[in-house]
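Worksheet: one structure, shown below.
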Amino acid sequence: KAPNSLSFSLQAKMSRPVQARRLEGIDKNIWVEFVKLAATYSKVNLGQGFPDFPAPGFLTEAFTRALGGGNHMLHQYTRAFGHPPLVKVLAQFFEKLLGRDLDPMTNVMVTVGAYQALFCCFQALVDEGDEVIIIEPFFDCYEPMVKMAGGTPVFVPLRPNPPKDGKLMSSADWQLDPAELASKFSERTKAIVLNSPNNPLGKVFSRGELGLIAELCVKHDVLCISDEVYEWLVYDGKQHIRIASLQGMWDRTVIVGSAGKTFSATGWKVGWVVGPNRLLQHLRTVHQNSVYHCATIAQEAVAQGFQRELMLYGKPESYFVQLPKELQQKRDWLVQSLDGVGMKPIVPEGTYFLVADISQFKSDVPDVPNSDEPYDYRFAKWMVKNKGLAAIPLSAFYSEGHKNNYTNFIRFCFAKEEATLKAANDILQKWKQEKTSS
Amino acid sequence: EFTKVAADPSIVNLGQGLPDISPPSYVKEELAKVAAVDRLNQYTRGFGHPSLVKALSQVYEQVCGRKIDPLTDILVTVGAYGSLFSTIQALIEEGDEVIIIEPFYDCYEPMVKMAGAKPVFIPLRCKNDGNSASSADWVLDPAELASKFNSKTKAIILNTPHNPIGKVFTQEELQVIADLCIKHDTLCISDEVYEWLVYKGNKHIKIATLPGMWERTVTIGSAGKTYSVTGWKLGWSIGPEYLIKHLQVVHQNTLYTCPTPLQEALAQAFWIDYKRMDDPDCYFYSLSRELESKRDRMAQLLKEAGLKPVVPDGGYFMIVDVSTLNVDLSDVDEKQPYDYKFVKWMIASKKLSAIPLSAFCGPETKKQFEKYIRFCFIKKDSTLDAAEVILKNWNKQTG
């Protein structure tokens, strides 16, 4: 080897393209940018979806108890597909909810948050050439995950049908057009992703709407990936209906759930899938070749949380009764706040998100024609930098081709302490006054 | 399949690689403290909790002697397993070849295949004609290694200290690998989870510190192995920004963020040991001293039972040549390699478990390694006492 060429290559990076092609088109991520902005500028953060109130005492106590119990083996690997106490209680719980027998070893798998559950679904079930139907607006990870699995996302929008009586719009007013939905199914369609209650709109799909989707799944022999992480957060006496319980659906559906959303502990990253063994066996294969085990101690504590809820199911002390009650109040508070300043909230039936129409409120942030950034992105960035209030632009939840369809909406998270919501109201009121006086 | 054995309490389990010793008390205490802090129960930064990546950058700056940016040069993952997955998914694709040294930690092969690439195997060979007393006897043939590199070779996976043999690659051995990586413009994925577990007379050397290697190496570490907390499932990848950024893209599209409370507790534990990295009481050094005496005890017991242990220079595994016992298993299903049959026989008749070495080999080399089984010795004294009873009585019951 000539000394010259060796010393050149000592400084050199890899000279050939280094990253894998599967990363094409999936490198951008809204959260990386907006979480940074919120961390830098926000005084009141209603952006990223996590509670700023504490996780319930019974859950954190379970964590502490497990640690203090002297069983130091809780610091070592547990069963790869799910800590036995957790999969057992999840099976018991979902047996009740679905009205069918479940085997904790084969019908349940624990994952690192619902996020990793979704990853396992797409990797296990979607192949190159497969189409996957995604309902817009959607939790942003579905699209890159489908792409990373080599699939083609096919989008179908929820369309707003504003109420004619001048009342505030509800998330129920955003609906699929049945004919349009049916037209999206082709012989290449492998799966449809359903998210109910829906992030970001808060829509809770009705039995009729789910029935429509189910019929099409059965007709076209399509799988359903059902993201139900907000299953306990439904308001106004509405009911969360599980599509897997509809005729013909159990055998073709994977249900995704989240301890982070169920127990207000997003940082624990414990999620799960529930479904038929014929589908879950493939998710297990992906899981054992990607993370293999999930952290033990959080699973132990979540198991105890579920055991408590199993005993209190339906009772007023149940966290699953109390949490939605508290959040409904906060929702109503935020609705009032936004309505009071001229932002038009779409009242969500579920989740802890609320989308508001800012078209009457946007005078501070002028339109820039031919900008490559959708208007709501610019508005949200301006708002956090100048008013210290963080929220997420709705076009973040649309595919690349549709980002300019709805550019006058932003999403707020209301899983926040009263003080936080009050502070948000103060910012909004002050802002309104500044506008009217200028 | 062998982890089911762990559930049976009557069997002395020296198979699966997990400690049954307690993690250090300050590590457990740090975790107990975090449960009380509200915001630590919610999402943290996706690529790694700020206090953790800061602590990791400080520790590894010390070890590597170079500046490491906590935000761009580090990714925190779900165990080293998650780092291996993120690295391979980020940098390996269809048409690529990846060199894997046998025996190998079993996930390398399926992960490379899942990325659509072709694993190319090269075995460690015993230089003493099969008579091995130490892991240092197992070496790569430089000419054979060179022959495995071609224009399709995207990466080589290095594991030092090595599971299962316990080999600690020397400076010279790493230089041979480094020269080939540079010559063929290849990446190095360096699995260094056992980096702190090196025994007297040995030094762990990071291949990324060799000239020309930082820019083409991703180095992987593990909290589970560093602090005896395998159930925390936290690991990390460290390397140059232009490589790590692709791992971060994989991470943001697979699980997004790792658990917060565990990362915070780990960060605090790292600060405690970082401050005493010049002190022999630092856990990074005290654990390996503790394990060295377990290693020596295990080796002695095995020899007395007539087995031939390969004494490891690092890690917490020991491979053992069982052919000396001449246990006749020819009447058992022939399709299984000898070591699988031996382990099953040993579990059933001796109530002692281990892992067959052919589980760690590609198809061509299974024959070469089928006389070896792997024991794990990061076990508490009572477990080793129970193993001692079995081994001392071994010869009384054989036949």
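The values are calculated or read from the model by the stated rules, or taken from the named source; none is laboratory data. From a predicted model like this one, the values you see are computed outputs, not experimental measurements. Note that each Cβ is placed from the backbone with ideal geometry, even for glycine, and that neighbours are counted across all protein chains shown.
Remarks
- Pair list, Cβ < 9 Å and 6+ apart or interchain, from segment B:57-69 residues that are over 10 Å from B:Phe270 (Cβ atoms) and assigned by the TED database to the domain that holds B:Ile205 to residues that are among the acidic types (Asp, Glu) and assigned to a helix (DSSP H, G or I): B:Lys67/B:Glu61; B:Ile68/B:Glu61; B:Asp69/B:Glu241
- When we screen B:Asp279, B:Asp273 for residues that are more than 9 Å from chain A (Cβ to nearest Cβ) and part of a loop (DSSP other than H, G, I, E, B), the only hit is B:Asp279.
- None of A:Asp127, A:Asp101 is at pLDDT 95 or above and touching a Lys or Arg at 6+ places or on another chain (Cβ under 8 Å) except A:Asp127.
- Residues of segment B:66-95 that are small (Gly, Ala, Ser) and surrounded by 24 or more Cβ atoms within 10 Å (Cβ to Cβ): B:Gly79, B:Ala80, B:Gly82, B:Ser83, B:Ser86, B:Ala90.
Okay, residues lined up against (1) among the polar types (S, T, N, Q); (2) crowded, with 20+ Cβ neighbours inside 10 Å; (3) not in a helix (DSSP H, G or I):
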{"site": "A:Phe320", "(1), (2), (3)": "no, no, no"}
{"site": "A:Lys325", "(1), (2), (3)": "no, no, no"}
{"site": "A:Leu338", "(1), (2), (3)": "no, yes, no"}
{"site": "A:Pro345", "(1), (2), (3)": "no, yes, yes"}
{"site": "A:Ser359", "(1), (2), (3)": "yes, no, yes"}
{"site": "A:Asp364", "(1), (2), (3)": "no, no, yes"}
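- In segment B:288-313, the residues that are within 16 Å of B:Lys225 (Cβ to Cβ) reach residues that are basic (Lys, Arg) and in a helix (DSSP H, G or I) with C-beta atoms within less than 8 angstrom, at least six apart or across chains, in these pairs: B:Pro312/B:Arg295.
- Just so you know, in segment B:137-177 the residues that are crowded, with 22+ Cβ neighbours inside 10 Å and small (Gly, Ala, Ser) include one that is nearest to the chain's Cα centre (by Cα), and it is B:Gly166.
- Of the residues making up segment B:115-131, not a single one is assigned to a helix (DSSP H, G or I) and either within 22 Å of B:Arg374 (Cβ to Cβ) or touching a strand residue (DSSP E or B) at 6+ places or on another chain (Cβ under 7 Å) (or both).
- Residues located in segment B:199-230, provided they are buried (at least 24 other Cβ atoms within 10 Å of the Cβ), at the interface with chain A (Cβ under 10 Å from one of its Cβ atoms) and without any contact (Cβ under 8 Å) to a residue 60 or more places away in the chain: B:Arg216
- Strands (runs of 3 or more DSSP E) contained in segment B:185-266 and holding at least 1 residues within 22 Å of B:Ser135 (Cα to Cα): B:187-191, B:217-222
- Scope segment B:96-108; condition more than 10 Å from chain A (Cβ to nearest Cβ) and either surrounded by 21 or more Cβ atoms within 10 Å (Cβ to Cβ) or in contact with a strand residue (DSSP E or B) (Cβ under 7 Å, 6 or more places away or on another chain) (or both); matching residues: B:Glu97, B:Val98, B:Ile99, B:Ile100, B:Ile101, B:Glu102, B:Pro103, B:Phe104, B:Tyr105, B:Tyr108
- Taken as a whole, the structure leaves A:Phe34 outside the set of residues that are at the interface with chain B (Cβ under 7 Å from one of its Cβ atoms) and either farther than 23 Å from A:Lys403 by Cα or surrounded by 16 or more Cβ atoms within 10 Å (Cβ to Cβ) (or both).
- Criterion violated by A:Ile297 - all others in (1) under 30 Å from B:His49 (Cα atoms); (2) assigned to a loop (DSSP other than H, G, I, E, B) satisfied: (2)
Residue-wise test of (1) surrounded by fewer than 16 Cβ atoms within 10 Å (Cβ to Cβ); (2) over 25 Å from the mean Cα position of the chain (by Cα); (3) among the hydrophobic types (A, V, I, L, M, F, W, C).
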residue	(1), (2), (3)
A:Gln19	no, yes, no
A:Asn29	no, no, no
A:Asp52	no, no, no
A:Pro56	no, no, no
A:Gly69	yes, yes, no
A:His72	no, yes, no
A:Gln76	no, yes, no
A:Pro85	no, yes, no
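- Selection status of B:Glu102, touching a residue at least 12 places away in the same chain (Cβ under 8 Å) and touching a Ser or Thr at 6+ places or on another chain (Cβ under 6 Å): yes
- Test: residue in segment A:67-76 that is at pLDDT 95 or above, within 22 Å of B:Leu262 (Cβ to Cβ), facing chain B (nearest Cβ under 8 Å) and outside any helix (DSSP H, G or I): yes
- Boolean, B:Tyr256 is out of contact with any His (no Cβ under 9 Å at 6 or more places or on another chain), modelled with pLDDT under 95 and within 14 Å of chain A (Cβ to nearest Cβ): yes
- Matching residues in segment A:139-162 - criterion: being among the β-branched types (Val, Ile, Thr) and assigned to a helix (DSSP H, G or I): A:Val146
- Filter result (facing chain A (nearest Cβ under 10 Å) and of a type in the set (Gly, Ala, Ser)) within segment B:67-94: B:Gly79, B:Gly82, B:Ser86, B:Ala90
- Restricting attention to segment B:14-51, the residues being away from chain A (no Cβ under 13 Å) and in contact with a strand residue (DSSP E or B) (Cβ under 6 Å, 6 or more places away or on another chain) number 1.
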